[in-house]
Amino acid sequence: MRDAATADPPLLLNHPHAVEESLERRIGPDEELLTLAAAARRLPRIDGRKIAIPTIWRWCRRGLRGARLEYVRVGRRVCTTQAALRRFFNQLAELDEHVPPPGRPSFLAGRKPVTSKQRLRALAEADEILERARI
């Protein structure tokens, strides 16, 4: 583990060449940037294992359950912020609240359940249609 003296120096977004203007809207100019490695070190361990850097990158690029981690590129480095991580985890928590209760899927909401007898009749009809079509 690295100590504070060897840790990456903080980067600020107000540097003119730090990021494109379109990305500044995602992460505020006063937020301290963290490399993905530094972000991984700040996150709590899960089951005794630290969060891997590629996992954080996947949260940036693909997201998780509809939530995406905000990030910026500074040269070749990919950075995020502590506040962006907090927003990401809060958004995941909000998504948890909207998970439908266990039961029938939403696309079956208005339909009556199909009985075994109805299913077998429908399969027999489908077989009959295929025989007539010589398939």
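The values are calculated or read from the model by the stated rules, or taken from the named source; none is laboratory data. Remember, it's a predicted structure, so these values are computed and weren't measured experimentally. Every residue, glycine among them, receives a Cβ derived from its backbone with ideal geometry; neighbour counts consider all protein chains shown.
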On the given criteria, is VAL99 at pLDDT below 90 and among the β-branched types (Val, Ile, Thr)? yes
query = Being modelled with pLDDT of 95 or more and either among the hydroxyl-bearing types (Ser, Thr, Tyr) or touching a Gly at 6+ places or on another chain (Cβ under 8 Å) (or both), is that true of even one residue in the stretch 110-125?
reply = no
Selection from the stretch 41-65 of residues at pLDDT 95 or above and among the small types (Gly, Ala, Ser) yields ALA52
